[in-house]
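Handing you a structure now.
Nothing in this text is a laboratory measurement; each read-out follows from the coordinates by a stated rule. Just so it is clear, the model here is predicted, and its values are computed rather than measured. With ideal geometry, Cβ positions are generated from the backbone for all residues, glycine too; neighbour counts draw on all protein chains shown.
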Amino acid sequence: MKICQFLFYCFLLLLTQTPVHAQQAQPGIEQLLKETFLDDYYSNVVYGYQIVTNTQQHASRYVGNKLNCSNCHLQAGTQKEALPLNVAGMYPKWRAKNGQRNGIGLRIRECFLYSMDGIMPPEDAPEVLAVAAYLSYLSQGQVMGAEPEGRGVPTLPDTGYDPNPANGRSVYQDNCASCHGQQGEGAAGIPAVWGLDSYNKGAGMSRVDMAAGFIWANMPLGKGKSLSHQQALDVAAYLNLQIRPSDPRNSKFFKLLEHLID
Ligand code: HEC
Ligand code: HEC
């Protein structure tokens with residue numbers, strides 16, 4: 001009788017020992033960074049986080065400009081209305097840009113090619129797999145297939161006026177040049193908004209509506225939503241008239257020249 005009871009308790013104990021991942025809320029990034037030992041998944045999550053926040057250092061071989069992913073995907077991809085990266089449940093999906101069903105891997109690789117003005121990493125590059133792990137981590141708790149709240153950037157309402165780049169120039173001088181520079185060149189800790197160190201003409205940010213939504217919600221940094229919709233549209237149009245790396249789909253020759261000049 002006693003031994004039966006003992007075995008029964010042992011059995012109960014075993015039942016309650018379900019795997020840690022399934023049972024606990026996932027640890028925060030700060031905590032993961034402090035751990036000395038991580039399993040394969042979490043070590044990829046941490047590596048993916050490092051790539052997103054310091055792309056220059058951790059994925060330099062695929063990067064052609066001076067940006068980091070988190071210059072646009074603010075707060076390491078956790079900020080709503082600033083292109084948050086908790087979107088793993090939205091993939092794969094159909095995308096008009098390349099006419100294919102896109103997995104999350106391809107989406108990540110395309111940001112290297114366009115936003116980072118670099119080269120497309122192979123599908124199984126450790127950098128791509130790590131960023132994908134980080135995106136899964138950020139997406140925990142999201143409903144598969146449902147748009148996370150604050151995805152992308154806000155769509156600005158039609159103001160009734162065309163974007164006016166001449167007016168955008170003065171918006172830039174008054175609100176942006178103090179950080180991003182007279183020539184859009186940026187400074188230490190502040191990314192370039194045009195020139196060869198910036199995103200190329202094929203990037204999502206080089207669409208006026210996309211840039212306007214991002215700028216309106218998030219810029220000037222720390223004072224998001226202080227510009228009018230029209231000012232955001234105007235300054236976006238101004239930015240996108242400036243010189244920047246060409247679209248790699250259009251001109252292989254120009255790309256080569258740019259890399260030689262750089
Ligand atoms: C210059 C700004 C910029 C940089 C730098 C940038 N991205 Fe993006 N990213 C965007 C924009 C804009 C979009 C939305 C584009 C679209 O929908 O066409 C986007 C979309 C994405 C998406 C899909 C988001 C969604 O809602 O489905 C992923 C994933 C992504 N980027 C990953 C990255 C990674 C990884 C890096 C760094 C290697 C990076 N991005 C660098 C601007 C940027
Ligand atoms: C207080 C300094 C500051 C001001 C003012 C400011 N920005 Fe930024 N901006 C930043 C920083 C810093 C980042 C990158 C954020 C990060 O990495 O967390 C950024 C990112 C950006 C980006 C995406 C990355 C890139 O380089 O393309 C754009 C576009 C942008 N700013 C446009 C503007 C515009 C337009 C204005 C004026 C309306 C403006 N900013 C005003 C500091 C500033």
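List the residues whose amide H sits under 5 Å from the amide H of Ala192, counting only those 5 or more places along or on another chain, with H placed 1.01 Å from N in the peptide plane.
none
I would also like to ask the following. So, in Å, what gap is there between the alpha-carbon centers of region 203-240 and region 34-57?
31
A further question on this structure: Quick check: from the Cα gyration tensor, does the chain come out rounded (a/c under 1.5), prolate or oblate?
It is prolate, given that a/c is not under 1.5 and a/b is the larger ratio.
So what is the calculated 222 nm ellipticity per residue for the chain, using -39500 (n - 2.57) for each DSSP H run with n of 4 or more, over all residues, to the nearest 500 deg cm²/dmol? Don't skip to the end; give the middle numbers.
Values: 13 runs with 117 residues, N = 262.
Per the formula, -12500 deg cm²/dmol.
Order these by the 10 Å Cβ neighbour count, fewest first: Glu30, Glu127, Glu258.
Glu30, Glu258, Glu127
Taking 8 Å as the Cα distance limit and 6 or more residues as the minimum spacing, I'd like the relative contact order of region 165-261 as a percentage. Present the calculation step by step, with values, prior to reporting the outcome.
Numbers: 133 pairs, mean separation 32.1, N = 97.
So the answer I get is 33 percent.
Determine the dipole magnitude for the chain: charges of +1 sit on the beta-carbon of Lys and Arg, -1 on that of Asp and Glu, nothing else is charged, the reference point is the Cα centre, and the result goes in debye to the nearest 20.
On the way: 21 positive and 22 negative charges, 70 e Å.
Result for the chain is approximately 340 debye, rounded to the nearest 20.
Could you work out how far apart the two model spin labels at Thr159 and Ala187 are, taking each label as a point 7 Å from the Cα in the direction of the beta carbon, and quote it in nm?
2.7
Going by the alpha-carbon gyration tensor, a ≥ b ≥ c the square roots of its eigenvalues, is region 66-155 rounded (a/c under 1.5) or, if a/c is not under 1.5, prolate (a/b greater than b/c) versus oblate?
Values: a/c = 1.39, a/b = 1.19, b/c = 1.17.
The shape class here is rounded.
Taking neighbour counts of Cβ atoms within 10 Å as a proxy for exposure, in what order, fewest first, do Thr53, Thr78, Thr155, Thr36 appear? Present the calculation step by step, with values, prior to reporting the outcome.
Details: Thr53 19, Thr78 14, Thr155 10, Thr36 4.
Ascending Cβ contact count within 10 Å gives the list Thr36, Thr155, Thr78, Thr53.
Give the angle, between 0 and 90 degrees and rounded to the nearest 10, that separates the Cα long axis of helix 2-16 from the longest principal axis of the Cα atoms of the chain.
10
When Lys and Arg each count +1 and Asp and Glu each count -1, what net charge do the other residues less than 14 Å away from Gly150, Cβ to Cβ, add up to? Each step should come with its number before you reach the end.
Numbers: positive: Lys80, Arg151, Lys225; negative: Glu81, Glu147, Glu149.
Taking every other residue near Gly150 into account, the sum is 0.
Given a Förster radius of 25 Å and the C-beta distance between Ser170 and Ile243 as r, what FRET efficiency does 1/(1 + (r/R0)^6) yield to the nearest 0.05?
Values: r = 20 Å, r/R0 = 0.78.
Efficiency computed from Cβ-Cβ geometry: 0.80.
Okay, next question. Report the charge-dipole magnitude of region 165-261 in Debye, nearest 20, computed about the Cα centre from +1 at each Lys and Arg Cβ and -1 at each Asp and Glu Cβ.
Working: 9 positive and 7 negative charges, 46 e Å.
Here region 165-261 has a charge dipole of around 220 debye.
Another question, then. Does region 193-233 classify as rounded, prolate or oblate by the C-alpha gyration tensor (a ≥ b ≥ c root eigenvalues; a/c under 1.5 gives rounded; else a/b over b/c gives prolate, otherwise oblate)? Kindly include the intermediate steps, with their values, before the conclusion.
Details: a/c = 2.74, a/b = 1.71, b/c = 1.60.
Prolate.
Under a plain spin-label model, where a point goes 7 Å from the Cα along Cα-to-Cβ, how far apart in nm are Ala146 and Ser228?
3.8
Rounded to the nearest 10 degrees, what's the angle between the helix 252-261 long axis and the longest principal axis of the chain, both from Cα atoms, 0 to 90?
Roughly 90 degrees, rounded to the nearest 10.
Using alpha carbons only, how many degrees (0 to 90, rounded to 10) separate the axis of helix 126-138 from the longest principal axis of the chain?
Tilt relative to the chain: about 70 degrees.
Exposed loop chymotrypsin sites (Phe, Trp or Tyr not before Pro) only (DSSP loop, at most 14 other Cβ atoms within 10 Å): please give the longest stretch of the chain free of them, not including the sites. If you can, show how the numbers build up before the last one.
On the way: sites that count: Phe37, Tyr161.
Between the exposed loop sites, the longest stretch runs 38-160.
Here's a follow-up. Once amide H atoms are placed 1.01 Å from N in the peptide plane, what residues at a sequence separation of 5 or more from Gly181, or on another chain, have their amide H within under 5 Å of its amide H?
Placed amide hydrogens put Gly186 under 5 Å from Gly181.
Let me ask another. Do you know the relative contact order of the chain, to the nearest whole percent, from alpha carbon pairs under 8 angstrom that are 6+ apart? Present the calculation step by step, with values, prior to reporting the outcome.
Working: 403 pairs, mean separation 47.8, N = 262.
After rounding, I find 18 percent.
If you don't mind, there's one more thing I want to ask. Can you give me the long-range amide H partners of Asn102? Hydrogens built in the peptide plane at 1.01 Å from N, cutoff under 5 Å, separation of 5 or more residues or another chain.
Lys93, Trp94, Arg95
Among Ile243, Val128, Gln75, whose Cα projects farthest towards the positive end of the dipole of the chain, with charges put on the beta-carbon of Lys, Arg (+1) and Asp, Glu (-1)?
It is Val128.
Apply the Karplus curve 6.51 cos²θ - 1.76 cosθ + 1.60, θ = phi - 60°, to the phi angles in region 41-56 and return the couplings in whole Hz, x for Gly and Pro.
4, 5, 5, 5, 4, 5, 4, x, 4, 5, 5, 5, 8, 9, 5, 4
Quick check on the exposure proxy: order His73, His229, His180 from fewest to most C-beta atoms within 10 angstrom.
On the way: His73 20, His229 17, His180 23.
So the residues, fewest neighbours to most, are His229, His73, His180.
Moving to a separate point now. Fully extended, how many nm does the chain gain between Thr78 and Tyr9 (0.36 nm per residue separation, minus their Cα-Cα distance)? The partial results should precede the final answer.
Numbers: separation 69, 0.36 × 69 = 24.84 nm, distance 4.38 nm.
Length difference between fully extended and current span is 20.5 nm.
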